[in-house]
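Some notes on the structure that comes next.
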Amino acid sequence: MSYLSISNVSKVFGGVVAVEDFNLEVEKGEFISFLGPSGCGKTTTLRMIAGFELPTSGEVVLDGENITYKAPNERNVGMVFQSYALFPNMTVAQNIGFGLQVRKTPADEIQTMVKEMLGLIHLEKHAEKYPYQLSGGQQQRVALARALAINPRVLLLDEPLSALDAKIRVELRQEIRRIQQKMGITTIYVTHDQEEALSLSDRIVVMSQGHMEQVGTPAEIYNRPTTEFVASFVGQLNLLPVSEVDLKNGVCKLNGQLVRFDHSEPRQISDKPRLAIRPEEFQFGQTEGRNLIQGRVEVVMFLGAVVRLRVRIGEVLVSVDLFNERNMTLPRVGDEVMVNFPPHACWIM
Amino acid sequence: MVEAMKRSVFWSWFWMFIGTLYFILPLISTFLFSLRAKKDVLSFLAYERIFADVNFWRTFGFSLMVGFFTILGSILLVVPTAYWIRLRLPKLRGMIEFLTMLPFVIPAIVLVFGLIRVFSGAPFFLTNTYTGTNVLLVAAYVVLALPYMFRSVDAGLGAIDVRSLTEAAQSLGASWPTILFKVIFPNLRVAILGGAFLTLATVIGEFTMASFLVGIKAFGPYMSLIGQNKTYEASSLTIISFLLTWSFMGLIQLFNRGKSDSALAGAH
Ligand SMILES: Nc1ncnc2c1ncn2[C@@H]1O[C@H](COP(=O)(O)OP(=O)(O)O)[C@@H](O)[C@H]1O
Ligand SMILES: [Mg+2]
C-alpha cells in the first residue's frame, strides 16, 4: 500500500457536490499537484487530507493509519495557505517555533530547529522581525518553514504563490521544489496555474467540476491528454473539424485534404469528430512524410522566442507557434502558406 | 477651485468652533462654580472636601472593583463567542449583534426590576447576601457592557484572518485553548482594551442598577447623593468624574495609536 491513500472520497455541501469519487495513491516523497479551474474541488480535497473538512464518504489513509475522522491538530500534517496566515503577534522565529512549542519540545531543541529552518529559507537575519515587516515572498517562506518545522508527514500547499508578483512566484516555486527534494517530504500542491503544476510536479491530478480528469506525469498530461478538458486546460489545443474518419487506418479528411493521425490509442468518435493538435507542432513548407495543408495568415505576433500566428484553414482559425530564428523572415498577414505537421502529433477527439 | 477650498476650510473650522463651545462652556462654568466653595475667593475647597471624604474613596474603590470583574466577565463571555461566530456561524452575526444592542434599547430600570424579580426568589437567592448581590450587579453590568465589548472585539476579529490563523494553528498541533490564548487573545489586545475602557467608564458612572442593588456603596449613587446635598462639591465631583472618564478615553487613544503606527509601517 502506498504512503498516502485517498479512496472513493466524496464531499457534498448541502446538495452541492464539491468532490466526487476521488481516488489517489501517493508514494512517499512524491510531489503531487492538484490542477484545475477555480471551484473544481481542489481546496476541498486538500482540506479533507488536512482534517478541516470531513468527507461525506470514502477514506484517507496515511502511513497505514486511517485518519479520515482524526482531528486536524492530531494529524501532523503541514499546511501552507495562500494568505500566509502568519501569527501577527509573533516574530518570525516564534512563528516557526510555534508547532514545536505546542508539542512541548525543550527550548534548546526548538532554537536549533528554528535556526535550521531560517537557514533553509535564507532569512537568518530576519528572525526577530514581525510578519508585517516582511515582503509577501518572505512571509510565505516563513509560513513554509513554520509548516516544515514540525517535521510533518505530508506537506499541503493551497495556491501558495497566487498572492505574489510574477517574478517572485517563479523564484519561490523553484525554492519550494528545492526544499521539498532536499527534505524528501511528501507534498500536495494545489494550483490553477498549469505552468506551476508542470514545472514542479512528479505527477499532476487534473480536476474539473469535482472529479478527477486525469492523473499522470507532466509530460503525460501535456502530450497524452485523455479528455478534451485536459487537452484544452493544459496548454493550447487546436480542434479542427474533420470528416470520413477511419480510426483503423488513422486517416481522415481535413478541408478536403487527406490527413493521417495517431491511432495507436483506442478512441471513440463523437458525432462531430475533430482533429486535435498543439500549436507548436506546425512547421511551414513541405516535408516528406508529414501532413500538408494550405492556409492564410491572419495574425502575426512576435513574442521573442516564439512567433505566434493565427492561420485560417478552411472555416477555422488555427494557432501556430513557430520558434524564432535569427534569420527567419516573418510571414505577413494575408500570406498564403503551406503548413505541415507530423501524423504522430495529432489525434482525433 | 482654490477659493471654494478656502471657503470650505473656513466653514469646517467655524462648525468645529461652535461644537467645541457647545461642549466646553458648561464644563467651564461648572468648573468655575466648583471653585466658589469659600465666600468671595476662588479655591479648591470643594475638591479638598471631596478627597477628604472616606465615602468618595470607598465608593470609587467599590465601583472600580465591580468594573474590573465586569471587564473580566465580559471578556471571557464575548471573546470566545464572537470568535466562534466569526469562525463557524457567520450567518448568525447580524442577529447576535442586534441582541448585544438590546441594553441600549431596554431602559436600565426595566432591566434591574427584571433581574431582582428573577434572582431574589427560588431557585436563585442572590439578593439575600452581599456577595450574591455584588455578583448580580457584575452580571447586570456584563449585559450593559455587551454593546461596547462585542462591537469592539468583533471589529478586532474582522481585522485578522480568523479562519486561516485558526487552521494554521490547528495544523501545527494546537488545541482550542492554545488557539484562543496564544493566537486569538494576543491579536485582540487593542480591541479588548478599547471595549474594556468604555465598560469601565460606564460602570463607574452607572446609577440606576447600582442604587437598586447595592445603594450608596457604589460611586454612581454617591455622586447623586452629593449632587442633592452639597452644591459646590457636586460640581467638583462632576469635574473629577469627567477627568477620569477622559483619561480612560485618552488611554484608549494611546493604545490605538501604537497599533496604527505599526500597521502603517507594515503597509509597503
Ligand atoms: N464550506 C463550503 N460550503 C459550501 N460550499 C462549499 C464550501 N467550500 C467549498 N464549497 C463549494 O465546493 C466547490 C469546490 O470548492 P473548492 O474546493 O474551494 O474549489 P477550488 O479550490 O478548486 O477552487 C465550489 O463549488 C464551492 O462553492
Ligand atoms: Mg481553492
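The values are calculated or read from the model by the stated rules, or taken from the named source; none is laboratory data. In this text, all values refer to a predicted model and were calculated from it rather than measured experimentally. No Cβ is skipped: glycine too gets one built from the backbone with ideal geometry, and neighbour counts run over all protein chains shown. With ligands, DNA and RNA removed, areas are computed over all heavy atoms of the protein, side chains included. Shrake-Rupley method; radii C 1.70, N 1.55, O 1.52, S 1.80 Å.
Heavy-atom accessible area, probed at 1.4 angstrom with all protein chains present, ranks B:Tyr130, B:Tyr232 as B:Tyr130, B:Tyr232, highest first. The helix-only estimate of mean residue ellipticity at 222 nm for chain A, built from DSSP H runs of length n ≥ 4 each weighted as -39500 (n - 2.57), is -7500 deg cm²/dmol after division by the residue total. Could you work out [θ]222 nm for chain B from helices alone, using -39500 (n - 2.57) per DSSP H run of at least four and dividing by all its residues? Round to the nearest 500 deg cm²/dmol. That comes out to -27000 deg cm²/dmol.
Contact residues in region A:86-121 by the 30 Å² criterion (accessible area, 1.4 Å probe, full protein complex versus chain alone): A:Phe87, A:Pro88, A:Asn89, A:Phe98, A:Val102. Looking at the protein assembly as shown, the DSSP beta bridges with both ends there are about 75 percent antiparallel. For chain B, the solvent-accessible area works out to 57 Å² per residue, with a probe of 1.4 Å and every protein chain left in place. The mean accessible area for residues of region A:27-77, using a 1.4 Å probe and ignoring ligands and nucleic acids, is 37 Å² per residue.
Structural descriptor for region A:184-243: relative contact order 23 percent, calculated from alpha carbon pairs under 8 angstrom and at least 6 residues apart. Accessible surface of the protein assembly as shown, 1.4 Å probe: 60 percent of it comes from carbon and sulfur atoms. Among the listed pairs A:Lys11/A:Lys115; A:Lys42/A:Lys70; A:Lys11/A:Lys104; A:Lys104/A:Lys125; A:Lys129/A:Lys167, give every one whose C-alpha distance is greater than 32 Å. Long pairs (Cα-Cα over 32 Å): A:Lys11/A:Lys115; A:Lys11/A:Lys104. Of all DSSP beta bridges confined to chain A, the antiparallel ones make up roughly 75%.
Each chain gives up part of its surface: B and A jointly bury about 1900 Å² of accessible area, both sides summed, for a 1.4 Å probe. Summing charges over all other residues whose Cβ lies under 14 Å from the Cβ of A:Ala85, with Lys and Arg as +1 and Asp and Glu as -1, gives 0.
Relative contact order for region A:47-120: 19 percent, from Cα pairs under 8 Å spaced at least 6 residues apart, divided by residue count.
Of the residues B:Phe124, B:Phe185, A:Phe282, the one with the largest accessible area comes first in the ranking B:Phe124, B:Phe185, A:Phe282, computed with a 1.4 Å probe on protein heavy atoms. The value of relative contact order for chain B, using C-alpha pairs under 8 Å at least six residues apart, is 28 percent. Per residue, the accessible area of region A:103-226 comes to 46 Å² when a 1.4 Å probe rolls over the protein heavy atoms.
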